[in-house]
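Enquirer: Sending over a structure as structure tokens; questions will come in a sec.
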Amino acid sequence: MAQALKAVIFDFDGTLVDSYQAITASVNHVRAAHSLPPLSEPEVRRCVGRGPAYLLEHTVPGMHLDKDMARYRDHHPSVLRSGTHILPGVQETLMHLKASGLHLAVCSNKPRDFTRELLDALRLASLIEVVIGPEDAPRIKPAPDMLLAALQRLKVTPAEALYVGDMVVDIQTARAAGVSVWVIPTGSDERSTLQAAKPDRLLGEFRELDMVAAGERFS
């Protein structure tokens, strides 16, 4: 017998928000420090979602990673809010899910403080009970550690949770944690790429998540 859904856990960049303008600006700030030409937003987008180290290793290759990480973190607050906006349908859908009694959380490879600041700025913080970032687990996604940490804090089992993301990394993370996974092609991976990775459901738009608030099967 299927378990009842108790929690929905979300990736952040590309799933709840479009933050690629801000991320691109900070990447290009780091590149400028090395006299490298700027990258376009699409060039940066495909490197987002696998953590800060991966992002900089693939957009500023062969440089001093620790120093570049510090440059990125120092610059990012200056563009964080202005370069990020909530994706269509997200606020209304999160409100419906919360009102239905579901626990909501975010599990993202984005540094936790940046995620928390944006949730507050976008007026989503009151809807999200738990925020898990790379600081909260030994390994980042696609390892299951962060998602398992979110489940533990929410006090739910893998069978009682749904993970929602925008990348193959999110599918891999959910599979490793034993959690059902739905994805939406609003982030770094294209629809065909997501489809080939065989999520439990490929959404056309974020508002389709309302179906779980109505009690529809999620696995």
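Enquirer: Applying the selection to the range 151-160, what residues are out of contact with any Lys or Arg (no Cβ under 7 Å at 6 or more places or on another chain), in contact (Cβ under 8 Å) with a residue 24 or more places away in the chain and more than 16 Å from Ser108 (Cα to Cα)? Before you say what the answer is, go through the steps one by one.
Expert: Going residue by residue through the range 151-160, those that are out of contact with any Lys or Arg (no Cβ under 7 Å at 6 or more places or on another chain) are 151-155, 157-159.
Next, from what is left, pick out any that are in contact (Cβ under 8 Å) with a residue 24 or more places away in the chain: 151, 153-154, 157, 159.
Selection gives Thr157, Ala159.
Enquirer: Next question. Of all residues being small (Gly, Ala, Ser) and part of a helix (DSSP H, G or I) in the range 94-123, which is surrounded by the fewest Cβ atoms within 10 Å (Cβ to Cβ)? Just the residue, please.
Expert: Ala99
Enquirer: Okay, next question. Considering only the range 179-195, state which residues are touching a residue at least 24 places away in the same chain (Cβ under 8 Å) and either touching a Pro at 6+ places or on another chain (Cβ under 7 Å) or not assigned by TED's automatic domain parsing to the domain that holds Val106 (or both).
Expert: Val179, Trp182, Leu194, listed by residue number.
Enquirer: Considering only the range 139-149, I want to know if a residue exists there that is crowded, with 22+ Cβ neighbours inside 10 Å, over 13 Å from the mean Cα position of the chain (by Cα) and modelled with pLDDT of 95 or more.
Expert: No - not one qualifying residue is present in the range 139-149.
Enquirer: Restricting to helices (runs of 4 or more DSSP H) lying wholly in the range 35-83: which have 2 or more residues that are under 18 Å from Asp113 (Cβ atoms) and more than 21 Å from the chain's Cα centre (by Cα)? I'd like the intermediate steps shown before the answer.
Expert: On the way: elements: 41-45, 52-59, 65-75.
So the answer is 65-75.
Enquirer: Quick check on my filter: what residues within the range 47-104 are closer than 16 Å to Ser26 by Cβ and among the hydrophobic types (A, V, I, L, M, F, W, C)?
Expert: Scanning the range 47-104 gives Cys47, Val48, Ala53, Leu55, Leu56, Val60, Met63, Leu65, Met69, Ala70, Val79, Leu80.
Enquirer: So Ser126 ticks every box in (1) assigned to a helix (DSSP H, G or I); (2) at pLDDT below 95 but one. Which box is left unticked?
Expert: The number of the failed condition is (2).
Enquirer: Related question: Which residues, taken from the range 48-74, are crowded, with 19+ Cβ neighbours inside 10 Å and either in the same structural domain as Leu119 (by TED's automatic domain parsing) or among the hydrophobic types (A, V, I, L, M, F, W, C) (or both)?
Expert: Within the range 48-74, Val48, Leu55, Leu56, Val60 qualify.
Enquirer: Continuing with this model, one more query. For the range 84-93, give me the residue count where each residue is surrounded by fewer than 21 Cβ atoms within 10 Å (Cβ to Cβ), in contact with a helix residue (DSSP H, G or I) (Cβ under 7 Å, 6 or more places away or on another chain) and closer than 15 Å to Tyr20 by Cα.
Expert: So the answer is 1.
Enquirer: Just checking, does the range 190-200 include any residue being in a loop (DSSP other than H, G, I, E, B), on the phi < 0 side of the Ramachandran plot and either touching an Asp or Glu at 6+ places or on another chain (Cβ under 7 Å) or modelled with pLDDT under 95 (or both)? Explain how you work it out, then say what you get.
Expert: Step one: list which residues in the range 190-200 are in a loop (DSSP other than H, G, I, E, B), which gives 190, 197-200.
With the extra rule that they be on the phi < 0 side of the Ramachandran plot, the set shrinks to 190, 197, 199-200.
Next cut, either touching an Asp or Glu at 6+ places or on another chain (Cβ under 7 Å) or modelled with pLDDT under 95 (or both) only: 190.
Within the range 190-200, one or more residues are in a loop (DSSP other than H, G, I, E, B), on the phi < 0 side of the Ramachandran plot and either touching an Asp or Glu at 6+ places or on another chain (Cβ under 7 Å) or modelled with pLDDT under 95 (or both).
The values are calculated or read from the model by the stated rules, or taken from the named source; none is laboratory data. Owing to the predicted nature of the structure, the values given are computational and were not obtained by experimental measurement. In this analysis, Cβ positions are derived from the backbone assuming ideal geometry, glycine residues included, and neighbour counts consider all displayed protein chains.
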